[in-house]
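Readers should treat all values here as calculations from the given coordinates under stated rules, not as data from a laboratory. Predicted, not measured: the structure shown is a model, and the values here were computed from it. Backbone-built Cβ (ideal geometry, glycine too); neighbour counts: all protein chains shown.
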Amino acid sequence: MEGKMKEFFQKFRLVLHRNGKTLLLFEIAYRIASYMIILEIMRAAVSYALKLGNYSNLTAENFLPFMQKPYTILLFLLVSAVLLFLVIWEIAALLLCFWYSMEDRKVYISDLLFSGFQKTVKLVKAHPLLWLFFAGSVAPFLQLQFFIREVSYVKLLQYAARVIYEQVSNEWLLAAVLFLLLFLSYLCCFGLPFWLLEEEKGWQGLRQSWRMNRGYFWKNIGGAVFLQGLVLVISTFMYLMAMTVAVLMAMRGDTNEGIISSLLVYSDWVNLGLGLVSGSLNITLGSAFFFVIYRLRGQNLPVQWQEAEERGHLPVLAKMEKRRAIAIVMTMVFLLELLYVAYLAGRSREISRDVLVGTQITAHRGGAKYAPENTLAALAYDKEQHADYAEIDVQETKDGVLVLLHDDNLKRTTGLKKNIWDTYYYQIRTLDAGSFFKKEYQGERIPTLREAIQFCGDELNLIIEIKYNRYNADIVQKVVTMVEDLGVAEKVIICSMSYRFLEEVRERNPKITTSYVMSVAYGDMQNLEAADCLSVQYGSINSRFVERAHAAGKAVHAWTPNTRWQLERMQYCQVD
């Protein structure tokens, strides 16, 4: 048994080491190019789907309806097909590299690129639809760590994952389904050499692959788990090293006030790079793992190695002159990729170190951390702290009175388990809205919008969020009329998660500043004509988003950063 393990590791090292330089350069060039391609295709697809559906932007309000549209599903499938083709192309190239390393023969990047493409095209032609299943079945295991990092890094994917998670009622069932899919993906990976190198018929190659697990089932699983752990350890080590370098660069290049901001910008690039690296490690080591098992146990299978080697021959670039010419072209492409990445990184560092003096601070729910939210006590605290704005939430009682309240139900802040639209104002006046926060605020009442505006006067500006709950169809008219009657129409900002509410505000009084509240923002900001400001969850904001918003004439409001790191990152991005 020890002899077999030793032979496995020897061959594993051989297939990675014999053409190691070629393998490394190919992975760097291919990963950067394929990532840029799929990212641009994804952006174009989402933008086109938004245009087809007459959506100005993708937001929390329209995310689920948008994702359920037939054209959205079709475009998603097309993007997925391109992604899977690129994955299979990469795997085919890697297997060819391992094949020739095992035969102790040198291989070139151009060989891997063109012959890998040939193998992929043959697979697609042989199985016009079934190849999608083969590619999709192996991608979860061989790209597990890349997918995890991309979902945690790309905000749109992160939001989509959160929406899916919220739709699932049983978390354990979701975990079990994901584990089963990962396990099936692992089993399907044994079929890769048969599909791509020996060009076996689809299901026949899958049956052949399962035969290799006979007598080795648990050993193979142990090796696969070790492989994923190894990729995780290497990725974590590289992350720590990269962040150490980022800290040193931030300390060397910035003042103490700018270190955290600079570090956050560097960390974005570290996370992006680490996603590419972990994905490359995952697919390279994983493909090598399954290839070595295939080679060690392949002699017992019906297909003879000699015949397979003839099929696996690289006929494309037999002449050295062609290899040299293509090597020069690929070197130029590789250098252009690196220059482009360096340009993007340098552009991020060119953002002004001087935070905009006009960056303003808003007290959320009137300063909910230091006083009972949406009360006059909270607004008094905001005055003392010289906040620029206080954000308050407005809802309507059963008898049509505008009051300050965030939740639909009064239970959390007053103890009364009753919805606001079922409660009369005379009942609201008797409730204690301060004791839930601290005993010293006992007796604090829920104020009306009129009382709040009059209390703030000229000392504190207000951002009035109109809550949408299906029971307040005329609330916009009442809010606009009130701010006009009190003479503050040009001083307040009215915001809402309902874009229709903002359109109504704009129709009734174009002089009132409006803000569109979004958990996620994607699309053409120019189309949001009823919104002067974009109020976005801070995790979805970066410098590029702010630049696009400002170019569209929109101010950016970030909610709700509370730590110093979050605040400095928003300042560095130059939110308003």
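The spread of Cα positions in the range 1-116, taken along each principal axis and listed from longest to shortest, comes to 62, 35, 18 Å.
Just so you know, the Cα atoms of the range 357-397 work out to an Rg and Dmax of 10.5, 40 Å. Each of the peptides 366-378, 386-398, 473-485, 442-454 was scored by the mean count of other Cβ atoms within 10 Å over its residues; in descending order, highest first, they stand as 366-378, 386-398, 442-454, 473-485. Between Q10 and F133, the modelled label-to-label distance comes to 4.0 nm, taking each label 7 Å out from Cα in the direction of the beta carbon.
Sorting the Cα pairs of the range 478-569 by distance into bins of 5 Å, from 0 upward, gives 3, 14, 24, 22, 17, 12, 7, 3, 0 percent per bin.
Extending 7 Å from the Cα toward the beta-carbon at both I361 and K411 defines two label points whose distance is 3.5 nm. Available extension along the chain between N213 and E507 is 98.9 nm, counting 0.36 nm per residue and deducting the alpha carbon span.
In terms of packing, defined here as the mean over residues of other Cβ atoms within 10 angstrom, the peptides 567-574, 212-219 line up highest first as 567-574, 212-219.
Lys/Arg Cβ at +1, Asp/Glu Cβ at -1, dipole of the range 477-545 taken about the Cα centre: which of G539, A489, V517 is farthest positive-ward? About the Cα centre, the residue reaching furthest to the positive side is G539. In this label model, A551 and L181 are separated by 3.5 nm, measuring between points 7 Å along each Cα→Cβ vector. Summary of the geometry: the range 222-246 and the range 112-142, compared by the centres of their Cα atoms, lie 28 Å apart.
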